[in-house]
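Everything below concerns the one structure shown next.
The values are calculated or read from the model by the stated rules, or taken from the named source; none is laboratory data. Fair warning: this is a prediction, and the values are worked out from it, not measured in the lab. For neighbour counting, all protein chains shown are included, and Cβ atoms are generated from backbone atoms with ideal geometry for every residue, glycine included. For accessibility, only protein heavy atoms count, side chains too; no ligands or nucleic acids. Shrake-Rupley method; radii C 1.70, N 1.55, O 1.52, S 1.80 Å.
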Number of protein chains: 4
Amino acid sequence: MGAVKGVKAKRMPRAVREQQMMDAAVHIFGRRGYRAASMDEIAELAGVSKPLVYLYLNSKEELFTACIRREAARLTEAVKAAIEPGLAADRQLWAGLEAFFRHTAENPDAWSVLHRQARTHGEPFAAEVTAMREELTAFVTFLIGAAAREGTPPAPGTAGAGRSGELADRDIEGLAQALVGAAESLAGWANESDKLAAKDAAATLMNFAWTGLGGLMRGERWSPR
Amino acid sequence: MGAVKGVKAKRMPRAVREQQMMDAAVHIFGRRGYRAASMDEIAELAGVSKPLVYLYLNSKEELFTACIRREAARLTEAVKAAIEPGLAADRQLWAGLEAFFRHTAENPDAWSVLHRQARTHGEPFAAEVTAMREELTAFVTFLIGAAAREGTPPAPGTAGAGRSGELADRDIEGLAQALVGAAESLAGWANESDKLAAKDAAATLMNFAWTGLGGLMRGERWSPR
Amino acid sequence: MGAVKGVKAKRMPRAVREQQMMDAAVHIFGRRGYRAASMDEIAELAGVSKPLVYLYLNSKEELFTACIRREAARLTEAVKAAIEPGLAADRQLWAGLEAFFRHTAENPDAWSVLHRQARTHGEPFAAEVTAMREELTAFVTFLIGAAAREGTPPAPGTAGAGRSGELADRDIEGLAQALVGAAESLAGWANESDKLAAKDAAATLMNFAWTGLGGLMRGERWSPR
Amino acid sequence: MGAVKGVKAKRMPRAVREQQMMDAAVHIFGRRGYRAASMDEIAELAGVSKPLVYLYLNSKEELFTACIRREAARLTEAVKAAIEPGLAADRQLWAGLEAFFRHTAENPDAWSVLHRQARTHGEPFAAEVTAMREELTAFVTFLIGAAAREGTPPAPGTAGAGRSGELADRDIEGLAQALVGAAESLAGWANESDKLAAKDAAATLMNFAWTGLGGLMRGERWSPR
DNA sequence: AATGAATGAGATTTCATTCAT
DNA sequence: AATGAATGAAATCTCATTCAT
C-alpha cells in the first residue's frame, strides 16, 4: 500500500480515493497522534499527492473529523449488528461486549483515534466521540435496566432475585457509564501488545460486571469503617 | 504564576526554578498534548526565558520525561502514603483507591500527562509510565492476594473462599485497567451537570468493584450458554 | 451567472463562452487583483470547468491580457461614440468626459482592471494600458487644441485667446491624469453617505477643469514669490 | 543591503532590525504588490532569516499594515513640515503640494504602497490609507477656505474679489477632495519613468487648481448647452 | 465541446534550538 | 544565573496547470 513517490496515481473515482485517504489517515493518526501526523505522510501512504487530499477533504481538521465520524459509525454498527433482539439481556450484553472488543482489536488504529487521539485534542473532535459514547451508553443502560427487570443477574441460591427496585434509574445510568468506560479502557490495554484476546477481555469484564451487578441487586454493599 | 514578559526574573536557586518550569510544563503538556505544547508557552508560564529552560532541562523530550517521572512518583507516593499497614486488606485497598482518585482529581493536568499524553507518543515516554503502572499493579496484586487469604471479600460464608489462585496476575492488571476507565468515565459523567456527587460516584464504583471482585474470588463466573 | 457546480454546462459556441469567461474574469480580477484572483473562482463564476478556460484562453496571463484589451477597447469605444463630430470642441470634450465617467462608473470592475490592477503588475500588462491611454490622450489633445483654436474657453473676450501653444503635450497628459484622479476621489467621496449627488460631482469637476483650463490657456499662471 | 543568504546576520537591537525589515518590505511591496511579494524575498533583502521577520512583525498582513502606517505618517509629516504658518493660504498650499510631490518622488516605493497596493487589497489596509487621506483633505479644505476668505485667488483686474459666499462649505470640501485625488494621481504618473519633476508637477497642479478656483469664485461656470 | 482526476512548485507560518553576552 | 537575538527545518495549505476521456 502507499504508492511509490513520484509515480502518478492511477485514476479512480472520487469516492474510492476518499476511502483510501481515510484509511491512510486513520492509520497515521492512530499511531502518531493528531499533531504529530503529517499530511505528507498520509498522502504518501494513500498513494496520492497532497493537493488531492486537500481537494477532497479540505483540511487536516476536517480529515481528522471525517475519520472519527467514520470509525465511530463503524464501531457502533459492529456492536449493534452483533445483538440478536430476542435474547435475554445478559446474552445481548455479552454479544455486544464481545463485538466491541473484537472490533477494537481488529482495528487498533481506529480505536486509538477514537479513544486516545480524539479526546486528547480540543473541542471540534471531542464532541464527535461524545456522541458515539452516548449512543453506546444509552444502549447499555437499556440492557442493564432490562436485566434488572428480568431478575437475571445471578442469585446463587440466595434470596431476593429481582429486587431491582433497589437500583434507581440514576444508579443504572451510572453503572452503564462505568461499564462503558471500563470497556474502553480495557480495549486500549488489551490492544497494547496482545496482552489479552478479545474474547478474554469480554469475559473478564462480563464476569466482573455481572457478578458485581448481581451482588448489588442482592443488596450487598461495601462501605468503609 | 507566569511572570510578566520583559521583566527580569529574580535569581533563584536552580532546584526551585526547575520545579517552577516543570509545574508550567505539566500544565501545558496536560492541556495541549506533547506535540501541541510549545516551549515558548512553557517558558512564559514559568516566568523565565527559553534558554534557561534549555539550560536546565536540555530539550523538550527530556523536559517531558522529567514531568512524567515526577508526576508518576507523586502519584505512587500519594497512594502508598494513604495506606496504614496494620489494617485489613480491604480497608487498605479502599484507602489506596480513594487516594488514587483523589490525587488524580486534584491534579488533572498531571493525570492527563500520565494517562493520556505519555501513552500517545512513542517509546521514550511510554516506558516511564509502564514503570509506574507496574509498581502500582504489584501493590494491588499484593493487597488482593492478602484479601483473598483473609477471606475478606463479601459473603464469606459461601462457597470457595480463598480460591484466589484463580485470579491470575494478568486478570488483576486487567481489572485495574477496567477500574481506572470506569472511574474516569464516572467522573466525567458526574461532573457534567451535577448528575452525581463525586463521593457517590466513588462509592458506587467501590461497591461495584468490591462485590464483583468478591464474586469472582468465590469462583462465580458468567459464561455464554 | 455562475452555474451550479456539477451540472454539465450547456454546449455553446466558442465565441459566447469566451465572453462569459472574460466577464467572470474581469469581475474577479477587478475585485481581487491579478495575483489574488484564482482560476478556480473564475471558472466557477463563468459556469464552466477549469480545463475549458485553459483550452480557450491558454493561461492566466493571457486571460488577464485579453481582459485588459477588451475593456480598453470598450472604454475608448464608449468615449468615441459619445462625440458628435459637428459640435464645438468644448461640447465634444464635455461629451467625452461624461461618457468616460459614466462608463467607468457603470463598469467599476473593468475600470479597476484597467486603472489599478494592470499597472500594478509587470510588463506584459502595463503596455496594454499604455496603448489605450495613448489613444485617449491623442484624442483629448486634439480636442483641446481645437478648443484653443476656436477660442472657446471662458472669458473669451479677454486677453490672449488661442495661445494654446503654451500647453505642451506633456502638460495635457498630466492634466488628464489629474482629472482622472480628481474624478475618482470625488466619486468615492460622493458615494460615501450621499454627501453629493454623482451629477453634482461631475458638474463641479467640469467647472473646475474647464475654468482652470481656460485660465491656463489665457496664459494665467500661478508662481511662488 | 540585503545580506548574502546563509551568512548569519550581525546582532542588532530590535528597533533597528524592525526598521530594516520595514524598509525592505516597503521596497518589495511597492514593486511587486501585496500578494506577489514574498516573505522570503523581504527577509532576504532585509538580510535576516524569515522567522525573525515573523518574530518581530507577526504576519504578512501586520507587516504590510505597519508599512502603510509608517509611510503614511512620514508623508503627512513631510507635508506639514513644509508649511510655514504665517504665510498666505496660496503660499501654504503651494509649499504643501511641492513637499507632497517631492516626498512621493523621492520615495516611489512608499508611494506605491500607499496609493496603489494598499487600495487594491481589502479592508484591513484601505482604512489605514483613508485615515491619511482624510488628514490631508482636512488640511487642504482649511487652506481653500482660508484662501476664499482672503480673496486671494487671482482676480485679474476684474470685479468681485472675495465673492467667497458663492462657495458653500460643501463645495470647498468637494474641491479639496478633487485636489487631493488629482495630486495623488499626478504623483503616481510623474513617478512612472520620470515624466515630470516634482516641482513641475506641483506647478501644473497649482496652476490648474488656482486659476480654476479663481474662475469659480468669480462666478464663471460651464454648463452644457 | 467539455470535464473529473491529478500534481509540482511554492506560499505563509511555527517551532525547537543555539549563540553571544 | 539569565536573556535578547537569531535560525534550520518542517508543517499546513494554495494555485496554475495538465492528462485522459
Distance between segment A:92-122 and segment A:5-53 - C-alpha centres, whole angstrom: 22 Å
Ascending list, in nanometres, of distances separating the C:PRO108 label from those of the other copies (7 Å, Cα toward Cβ): 3.1, 5.0, 6.2
Estimated inter-spin distance, B:LEU55 and D:GLU77, nm [label 7 Å along Cα→Cβ]: 3.8 nm
For D:LEU205, net neighbour charge (Lys/Arg +1, Asp/Glu -1) across residues whose Cβ lies under 12 Å away: -3
Exercise: per-residue mean of other protein chain Cβ atoms within 10 Å, C:30-37: 4
Residue of A:PRO13, A:PRO85, A:PRO124 that the Gaussian network model of chain A assigns the largest fluctuation, springs spanning Cα pairs under 10 Å: A:PRO13
Set D:LYS8/D:LYS50; A:LYS60/C:LYS60; A:LYS10/A:LYS60; C:LYS10/C:LYS50; A:LYS10/A:LYS50; D:LYS10/D:LYS50 screened for pairs whose C-alpha atoms are more than 19 Å apart: A:LYS60/C:LYS60; A:LYS10/A:LYS60
Most fluctuating residue given options D:LEU213, D:LEU136, D:LEU52, as computed from a GNM of chain D linking Cα atoms under 10 Å: D:LEU52
Estimated buried accessible area (total), pair C and D, 1.4 Å, Å² to nearest 100: 4200 Å²
Calculated FRET efficiency for the pair D:GLU123/D:ASP40, C-beta based, R₀ 25 Å, to 0.05: 0.45
Shielding by partners - mean other protein chain Cβ count within 10 Å, residues of C:184-190: 6
Inter-site label distance for B:ALA15 and B:ALA105 at 7 Å from Cα along Cβ, in nm: 3.3 nm
Computed over segment D:65-217, Kirkwood Rh from alpha-carbon pairs, angstrom: 16.0 Å
Number of partner chain Cβ atoms within 10 Å, mean per residue of B:116-127: 3
